[in-house]
Structure formats: C-alpha cells, structure tokens
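Worksheet for the structure shown next.
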Amino acid sequence: MTVMQTISYISNASQLSPEEIEEVLINAKINNNKKGINGVLIYVNETFFQVIEGSQHLVETLFEKIQKDQRHFNVLKVFETKTCEKKFSRFNSNYITFNEESATVELLKFLDTGKENNPDLHNVIVNQAKILLKNF
C-alpha cells in the first residue's frame, strides 16, 4: 500500500516578472500532472500558496525542491498529513493567478472536492487558507 502525503505551504515570490510567474505556474502544472501529484498553486500579491498531494516519496522530494527554489523565499509549511489514499484525487494539479477574491473562491472550490472524503483535513486546510488569503 502506497502512503499518500498532503503538504500545503505559503511563500513570498522573489522579484519575478508576470511572464516568469506564469512560467512557474504552467511548469508546476505540467510537471506535477506528469508525476501524478494533485493540488493547486495560487499566486496573489507576490505570495504563493500551494497544496500538493501524492505518494509520500514524490511529495517529499517535490517539497525539498520547492524549499530550495530561488524564485521564492520564506517557505512556511502550513499543513502536512499522511493517508492511505488521495483525498483530492478528482483534481489534477491546477493553478490560479487571479485577484484575492477569485483565488479564495477557486481554492475553496478545489478544497470542497475533498470534503466528503476527509472532513477534518478539509476543515484544517480551509481554515488555514482563509487566514492566509485574508493576510494577502
């Protein structure tokens, strides 16, 4: 049985152009989908918020890479959990680049897919995301 892991984090973007931000978001979507990592990546007001989910090894390796990436700093892990099955399996990696209101709506829509599978995990991530998005 494969152990699944979910990690969410927030970070501050380095001085990146809009084109560089778009490249980060598109590449994250492509690479994560190829590896079977589900999640969402939001960029609002020079801040990244991401939820990644997949096999424990893949998620841990990806998060180590994320922490070393020079395109952002102050990487703060908000939440981490391990389970026996994916909680957000209906979503491939997606991204949102809109304003704060759109990001909040899209994130809550994304997280709502896992609500019936694991309401406790859903509630923790939603509450943390609301706090973080409110501070953007």
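What follows is calculated from the coordinates using simple rules that are stated; it is not laboratory data. Because the structure is a prediction, the values reported are computed rather than measured. Cβ coordinates were reconstructed from backbone atoms using ideal geometry, including for glycine residues, and neighbour counts include every protein chain displayed.
Observations on the structure shown:
- The protection proxy used here, the mean number of other Cβ atoms lying within 10 Å of each residue, ranks peptides 22-32, 45-55, 71-81 as follows, highest first: 45-55, 22-32, 71-81.
- Peptides 35-44, 2-11 ordered by average Cβ neighbours within 10 Å, highest first: 35-44, 2-11
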